[in-house]
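Enquirer: Let me give you the structure first, and then I'll get to my questions.
The values are calculated or read from the model by the stated rules, or taken from the named source; none is laboratory data. What you see is a predicted model, and the numbers here were worked out from it, not measured in a lab. No Cβ is skipped: glycine too gets one built from the backbone with ideal geometry, and neighbour counts run over all protein chains shown. Side chains included, ligands, DNA and RNA excluded: accessible areas come from the protein's heavy atoms. Shrake-Rupley method; radii C 1.70, N 1.55, O 1.52, S 1.80 Å.
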Amino acid sequence: MNTSHIIDGEASVTAAVQAAMADTANPRLRDIMAAVVEHSHALIREVNLTEDEFQAAIRFLTLIGQQTNDSHNEVILAADVLGISTLVALRNSPEHEGQTAAALLGPFWRADAPFCENGDNIARCDMPGAVMDVSGQVSDVRGNPVADAVVDVWQASPVGLYENQDDQQPDMNLRGRFRTDAQGRYRFRTVRPAGYPVPTHGVVGELLRAQGRHCMRPAHLHFMVHREHYKTLVTQVFADDCTHLGSDVVFGVSRALIGTFRSHDPRPGSDEPHYRLEYDFVIEAGQSCLPTAPIK
Ligand SMILES: [Fe+2]
């Protein structure tokens, strides 16, 4: 009789579960699940988890699933505010050859943003706020320009809302895809984004309040640089002059990703300053792939 699953006191549980999973055919799944069991059991022992606390954890996990829908992903938000998304992104994109630092995808990327011509304005309606011209170059780790790369950009509005959160904005506003030219350059016009709170209507908001944390992200633009035979770069560029730069609720700000938002004189007929951002990306050879869009 195989008795390896018979529990002989609290101390034997971990070994019994490890034994039950030992024949997992996929070695990577076997290793990851062995570590999940080892570390989660160790956590329970370390904090002496009570039955009530276990129920609270079950409620949290249940609600992050139930509060996820086509336009909002509470699971990603939970991973973001715990630093998990940033840790995974940075560990999988080391900067040892000078590649641009990765940053988290976030919950607002949509696949199939419209293709635009270099120089186009991604503000697809009249918008208040400061105009900003963004340009830069995509190159490889040897400094050679990468032509025909797709630079996919998405950002919040000057009041800090993505178009899918805001009835006042047209579909795909402040989103666009640009192809780099023969010199690897891209450029577009937009409006300066504002920082914004992450959604706090759900259970992640409850957690932030319980921890006495603010819910703000510093102003930023999201970029995904994609080209066949190069590893897809997912990153964000942050405004160097914005509030909360040093206390991003989702830990997305790497020092190398702080962009210089240069202010110029207002355009004729406007009181708003005109900003310029020049930001170059360095991508490495590898397998390109697109993530699964968290929202449609
Ligand atoms: Fe964002």
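Enquirer: If R₀ is 25 angstrom, what is the calculated FRET efficiency for the pair Gln55 and Met33, using the beta carbon separation as r and rounding to 0.05?
Expert: Between Gln55 and Met33 the formula returns 0.60.
Enquirer: Anyone know which of Ala113, Ala79, Ala56 comes out most mobile in the 10 Å Cα GNM of the chain?
Expert: Answer for the Gaussian network model of the chain: Ala56.
Enquirer: Sorted from largest to smallest, which semi-axis lengths in Å does the alpha carbon gyration tensor of the chain give for its equivalent ellipsoid, taking the root of 5 times each eigenvalue?
Expert: 41, 24, 16
Enquirer: Once you place label points 7 Å from the Cα toward the Cβ at Thr62 and Thr292, how far apart are they in nm?
Expert: 2.4
Enquirer: Next question, about the same structure. Just report the Cα centroid separation between the range 162-212 and the range 270-296, whole Å.
Expert: Cα centroid of the range 162-212 versus Cα centroid of the range 270-296: 11 Å apart.
Enquirer: Which percent of Cα-Cα pairs in the range 169-273 sits in each 10 Å bin, short to long?
Expert: 12, 32, 36, 16, 4, 0
Enquirer: Which whole-number value in Å² is the accessible area per residue of the chain, probe 1.4 Å?
Expert: Roughly 54 Å² per residue, with all protein chains present.
Enquirer: How much of the DSSP beta bridge set in the chain is antiparallel, as a percent to the nearest 5?
Expert: 75
Enquirer: Out of the total accessible area of the range 74-283 (probe 1.4 Å, heavy atoms of protein only), what percent is carbon and sulfur?
Expert: The C+S portion of the solvent-accessible surface of the range 74-283 is 48 percent.
Enquirer: May I pose another question? Relative contact order for the chain: what is it in percent, counting Cα pairs under 8 Å that are at least 6 residues apart?
Expert: 21
Enquirer: Per 0.36 nm of contour for each residue apart, how much would the distance between Glu97 and Gln211 grow if the chain were fully extended, relative to their Cα-Cα spacing?
Expert: 37.3 nm
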